[in-house]
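Have a look at the structure below before the remarks.
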Protein chains: 6
Amino acid sequence: MRSGNRPADGMRPVSLEYGVQPHADGSVLLRIGNTHVLCSVTVEDKVPAFLRGKGQGWLTAEYGMLPCATHSRGRREAVSGMSGRTYEIQRLIGRSLRMMLDLQVLGERTLRIDCDVLNADGGTRCASITGGALAVRMALRRMVVQGQLASMPLLVPVAAVSAGVVGGRPLLDLDYSEDSTADVDANFVMSGDGRWIEVQTTAEGAPFHPDLFMAMARLAAEGGQQLFALWEGEE
Amino acid sequence: MRSGNRPADGMRPVSLEYGVQPHADGSVLLRIGNTHVLCSVTVEDKVPAFLRGKGQGWLTAEYGMLPCATHSRGRREAVSGMSGRTYEIQRLIGRSLRMMLDLQVLGERTLRIDCDVLNADGGTRCASITGGALAVRMALRRMVVQGQLASMPLLVPVAAVSAGVVGGRPLLDLDYSEDSTADVDANFVMSGDGRWIEVQTTAEGAPFHPDLFMAMARLAAEGGQQLFALWEGEE
Amino acid sequence: MRSGNRPADGMRPVSLEYGVQPHADGSVLLRIGNTHVLCSVTVEDKVPAFLRGKGQGWLTAEYGMLPCATHSRGRREAVSGMSGRTYEIQRLIGRSLRMMLDLQVLGERTLRIDCDVLNADGGTRCASITGGALAVRMALRRMVVQGQLASMPLLVPVAAVSAGVVGGRPLLDLDYSEDSTADVDANFVMSGDGRWIEVQTTAEGAPFHPDLFMAMARLAAEGGQQLFALWEGEE
Amino acid sequence: MRSGNRPADGMRPVSLEYGVQPHADGSVLLRIGNTHVLCSVTVEDKVPAFLRGKGQGWLTAEYGMLPCATHSRGRREAVSGMSGRTYEIQRLIGRSLRMMLDLQVLGERTLRIDCDVLNADGGTRCASITGGALAVRMALRRMVVQGQLASMPLLVPVAAVSAGVVGGRPLLDLDYSEDSTADVDANFVMSGDGRWIEVQTTAEGAPFHPDLFMAMARLAAEGGQQLFALWEGEE
Amino acid sequence: MRSGNRPADGMRPVSLEYGVQPHADGSVLLRIGNTHVLCSVTVEDKVPAFLRGKGQGWLTAEYGMLPCATHSRGRREAVSGMSGRTYEIQRLIGRSLRMMLDLQVLGERTLRIDCDVLNADGGTRCASITGGALAVRMALRRMVVQGQLASMPLLVPVAAVSAGVVGGRPLLDLDYSEDSTADVDANFVMSGDGRWIEVQTTAEGAPFHPDLFMAMARLAAEGGQQLFALWEGEE
Amino acid sequence: MRSGNRPADGMRPVSLEYGVQPHADGSVLLRIGNTHVLCSVTVEDKVPAFLRGKGQGWLTAEYGMLPCATHSRGRREAVSGMSGRTYEIQRLIGRSLRMMLDLQVLGERTLRIDCDVLNADGGTRCASITGGALAVRMALRRMVVQGQLASMPLLVPVAAVSAGVVGGRPLLDLDYSEDSTADVDANFVMSGDGRWIEVQTTAEGAPFHPDLFMAMARLAAEGGQQLFALWEGEE
């Protein structure tokens, strides 16, 4: 039985809290079970060197974990330097959220997304994408209010969910204890209309049959529907 | 007039939330006005090299700020490396909290304090010390429960408060807008019986008369009394 | 038309050269079209700290590119530090090749894989995995000859191939010019029996329909068959 | 008895040697007992980015120790990176010396102060401030001679002295052997008219009563008078 | 007897392969015995800051070794940082190749030389210089073809060779096994007309008589003649 | 005419001051004209990892320059990281001084040499070697006095001197103004009996004829005689 009697295709409880970092242009604290990620957006009036003078914007992400977010304390990356895992995750977040909008509409501005994990219980990269997308929407709305944008740009809603195979059984939205014993794990980044943005799946102990992948994909589609419902709520 | 009609000798509202990082051995979220600092303690079964084999413990601190905690986003120190300011603050926190107990009673263990600023509105180093001390107490109590310590060690309560001179007028517990226009600012780290652990005072624009220091010291003593009342509350 | 009149499901010409770095315990220069990767294996008589005393081995990978391997010269990472992309790729190579064998049979030894790109024309991470797997086999055979292993361990053949969607059309084994205009790209790491080890797929311009993923998966299966034929050749 | 029969309120012998680094715009070798610090000033025709275009100058300091300056050799910071202690000290020196003059008069120039400890016997940060202030004056005089400044700016003389409590007894200007057994130590940065610029005091073993601070402040005032006499001498 | 029955004044077999890195502006794979170095040149349309606006060009070099190039695997410098040995070698290569031409003729362009050792068997720095010089010529010829230069500049042919004293006997072009037992070793960087550009000689076990240096210099002159013959071959 | 009417084969005035860093095991301040280098030796009771358990000692050197030692202030390497030039010089100093004695006699101890340039006027690496050798002798004598060594080991006196060709004329011991206009410069590290330890010569503007090298070698032999006279003086 899964913790909390969750069915195989059930998400953990999800909640949102907007505006927790008032200095940011947009901020969301997303809680999925005991995974809590604070996603904030800063609008900067410049773009990286490779885009200067092209009249378009950029979106980039940084990811971090508080040292005590995890079961055994992790080293502070300000001391140890950024790990390969961190690089990998923040590149994934950035690629995923750049699918949300036509970067031309930003003009020469950068949306900088900070995803900081306050507590980790599996699925932090997915939570960062899901929460980050909502924080981006909040920041864009504020840009409209402040006159930086003439109107709200057309957005592709983006969310991400994990799935895995544990003891031979496909499961949606793994928590840490499931993740650490999984045979396969996967992350699906999806758009609101059910298309895919990024899919990563990894064998943990042995190669797996593609049919298991298909089962995980079906679970992810169900999970996505629940996450996109978050887009309906009030900020 | 001070924001919120505070009198010159008034602290901002203070609140505590224990256990916000359940993986840590002790954790406290301290809010002083809009300054929010998460202080967590990890008990490690080893000591730094310079203490090995001496049968005593150690206590050390690390300090960080989420990038969006401040008015204009700060660079993530995992990227830029740790700043001089961060080094200075975490050394101060460590020195201050080492006064709390006889490190002999810990055996060869280290208490590692993480102070992470979620929102900054002045006084983050003082809040880190005040909150860190309560998190240390929580971790020690847990060590007793888990049998790592035979009994609760004798503790020196420690708290810290800022004071300053703004427009010629001594004020307690500066917020960011006061701090950024202060003529003098000072931090007082105190023990529960009114003695001093560390005092730092800095002229911002011009040298100041020692009498102003005495006025700030009196304000700090009053502020300390309010902070030590936090030691009475429930965890 | 694809360069060299390749059909949509055709691999570029592949060739192998064993033993190009005679000081290594195993080495392979794999050429796939104009992508040339030198994969070498070093056997070390120790394991990382987290495995010490557990009686099992480890396998890890490092990846690099000569500065002039690419269209415009890349910065030497000895100067600039390792990029996020490099971290991401070498973690993928390591995870993939650890599926080749039961690490218990190595005893407390590490297989260290170096994948260095001499020329890049798309698909360097896949070529690193495909070539690295063959270099691992060569190193294990040598360990048997030298008496470090009693017998050749059972191996899972591993290879990787890229696929993508260019102009709406699914294609196998993208070269650089195709990759830089692709709508979707994907990397499939497979075992010799057609199972999956790691699959990563990324939208480049817009979310894509899962059916396109299935089409890429079919192409990858065909490409895999051609790559596993390399396992039949002479060292 | 203190070394050399010093009374509790006695400074160690102080001497100055100007111009020891002829390439610098100002340089002073300050010897206080066996603490020898070489303070040099370089005038640079630019300011840091945050001040550009504002028409004012800047003053900043760097601090270092020769590896063999201390009882047991310290690691060279060019190898180990700068320590937290170094950051803390050089920030203190910079803040203190910026009180010497109105930075507007410099125009867009930076005074860069280098304080390098040749031999350390306690009090190196205070000696750096005291010597640095005299080197600044020398550099400003040279700027007048060379026509970079129309006239000598009005200066606030600055000097610093340590005090401490050893065996319960307040003492002025601790040497290393006193400092390493002190209960409390303090650094007072003062202006020539007896006002304060920066005061730092730290409990070494246990919290201390504010009265001890007052006693140290009185000693520091006496020490300051001796140090400001150095301003009368010939360059 | 030397390996391969080489006489004391014999070079190992030398071969060249041009164009192995087609993305570079010039590239040469130089093999001297089992020492294989890939030398590539990139033409950049800018110069370092210290030369900007002076209308002249620059030439600089970087040197690296693949980890498995050596008998026991070396640490990848992207991980460990650049070693002192690497700095020393690449500075030598840069100084040597800057003697090839009048840098004025380049205009504000930089020739960036990458020397990467694929296999090391002694003499890698000399091989880097010898191969780098030929790669520079190739790049300059291409600049003429592409119209970046009006005509081929006058070149000073440059080549380098090692010599040493092994068991009391002066030898030309040491391989690794000779080099590791040598009493003295030396590197001669020469121009095509027999003049010297850089000479470095080092005692390995004890000071040596200047006469031995003269004997090595004679051997180097002979070796140089063989290397300059490479300048006659076809690209 | 050379500065101070020096003849072509004349050294600048040389002086020694022993014991300037009393915490070191040996220290010498060597002044050659306006080049002032402080050389100190620390005896450490351990050897680097590659020598552990072999029963022999080691000698290694570090080199630094105070920022204001040079005409225009140099960046502090604690901030900027160690430059290639510094690596090159400290490796040369270490190699040279290891020729002074049989490292077996030290037991498993390391002599660590710190050479810090207080003022630079050309020839700092040679001065570091010459001064460092005398500091090593002082430290060894102290080891005998303290009973760490049974008797004074047999020493090879070592010294170094620069030479160059300026305006076509070979000169001994270049100062900065000569060095910066030299056509060729060379450093000779010699033993007391006239043999060579390390010789480095570099063309600055164009290749040079080997005869010029021979002329510089003769000058260096004369300079060496003057430097070895320093070995006769009192400590």
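The values are calculated or read from the model by the stated rules, or taken from the named source; none is laboratory data. These figures come from a predicted structure and were not determined experimentally. Cβ coordinates were reconstructed from backbone atoms using ideal geometry, including for glycine residues, and neighbour counts include every protein chain displayed.
Some notes on this structure:
- Subset of region B:52-82 [modelled with pLDDT of 95 or more and among the aliphatic types (A, V, I, L, M)]: B:59, B:61, B:65, B:66, B:69
- Selection within region E:41-51: residues that are modelled with pLDDT of 95 or more and among the hydrophobic types (A, V, I, L, M, F, W, C). The member of this set that is surrounded by the fewest Cβ atoms within 10 Å (Cβ to Cβ) is E:51.
- Residue E:110 vs. criteria at pLDDT 95 or above, out of contact with any helix residue (DSSP H, G or I) (no Cβ under 6 Å at 6 or more places or on another chain), facing another protein chain (nearest Cβ under 9 Å) and surrounded by fewer than 22 Cβ atoms within 10 Å (Cβ to Cβ): no
- Subset of region C:118-138 [among the aliphatic types (A, V, I, L, M) and more than 12 Å from every other protein chain (Cβ to nearest Cβ)]: C:127, C:129, C:133, C:134, C:136, C:138
- The set of residues in region C:186-211 that are among the acidic types (Asp, Glu) and either surrounded by fewer than 20 Cβ atoms within 10 Å (Cβ to Cβ) or closer than 25 Å to residue C:3 by Cα (or both) comprises C:193, C:204, C:211.
- Residue check, residue D:156 surrounded by 22 or more Cβ atoms within 10 Å (Cβ to Cβ), more than 30 Å from residue B:195 (Cα to Cα) and β-branched (Val, Ile, Thr): no
- Of all residues in region B:186-211, exactly one satisfies the criterion of being part of a helix (DSSP H, G or I) and at the interface with chain D (Cβ under 8 Å from one of its Cβ atoms), namely B:210.
- Inspection of region D:58-70 finds a residue satisfying the criterion of being free of Cβ contacts under 8 Å to residues at least 24 places away in the same chain and either in a helix (DSSP H, G or I) or not hydrophobic (A, V, I, L, M, F, W, C) (or both).
- Residue in region C:162-174 that is out of contact with any helix residue (DSSP H, G or I) (no Cβ under 7 Å at 6 or more places or on another chain), surrounded by fewer than 21 Cβ atoms within 10 Å (Cβ to Cβ) and assigned to a strand (DSSP E or B) present: yes
- Here region F:175-185 is the region considered, the condition is being within 14 Å of chain E (Cβ to nearest Cβ) and without any contact (Cβ under 8 Å) to a residue 24 or more places away in the chain, and the residue that is surrounded by the most Cβ atoms within 10 Å (Cβ to Cβ) is F:185.
- Residues (under 20 Å from the mean Cα position of the chain (by Cα) and either under 23 Å from residue F:84 (Cα atoms) or within 14 Å of chain B (Cβ to nearest Cβ) (or both)) located in region D:60-74: D:60, D:61, D:62, D:63, D:64, D:65, D:66, D:67
- Total residues in region D:212-235, condition more than 18 Å from the chain's Cα centre (by Cα), in a helix (DSSP H, G or I) and surrounded by fewer than 20 Cβ atoms within 10 Å (Cβ to Cβ): 3
- The listed residue being away from every other protein chain (no Cβ under 14 Å) and under 15 Å from residue C:160 (Cα atoms), out of C:37, C:14: C:14
- Any hit, region B:19-32, residues being at pLDDT 95 or above, within 14 Å of the chain's Cα centre (by Cα) and away from chain A (no Cβ under 13 Å): yes
- Residue list for region D:71-94, filter: more than 20 Å from residue D:180 (Cβ to Cβ), of a type outside the set (Lys, Arg) and not in a loop (DSSP other than H, G, I, E, B): D:77, D:78, D:79, D:80, D:87, D:90, D:92, D:93, D:94
- Residues satisfying the stated conditions in region C:175-185, i.e. part of a loop (DSSP other than H, G, I, E, B) and more than 18 Å from the chain's Cα centre (by Cα): C:180, C:181, C:182, C:183
- Taking (1) under 29 Å from residue C:106 (Cβ atoms); (2) charged (D, E, K, R); (3) in contact with a helix residue (DSSP H, G or I) (Cβ under 7 Å, 6 or more places away or on another chain) in turn, residue C:54 satisfies each apart from (3).
- Flag for residue C:132 being outside any helix (DSSP H, G or I), touching a residue at least 12 places away in the same chain (Cβ under 8 Å), crowded, with 24+ Cβ neighbours inside 10 Å and not basic (Lys, Arg): no
- Annotation: of all residues in region E:75-90 being more than 14 Å from chain F (Cβ to nearest Cβ) and crowded, with 18+ Cβ neighbours inside 10 Å, the one that is farthest from residue C:82 (Cα to Cα) is E:76.
- Taking region B:20-29 as the range and being more than 10 Å from residue B:117 (Cα to Cα) and either basic (Lys, Arg) or surrounded by fewer than 24 Cβ atoms within 10 Å (Cβ to Cβ) (or both) as the test, the residues that pass are B:20, B:22, B:23.
- Among the criteria (1) away from chain E (no Cβ under 13 Å); (2) in contact (Cβ under 8 Å) with a residue 60 or more places away in the chain; (3) touching an Asp or Glu at 6+ places or on another chain (Cβ under 9 Å), the one residue F:96 does not fulfil is (1).
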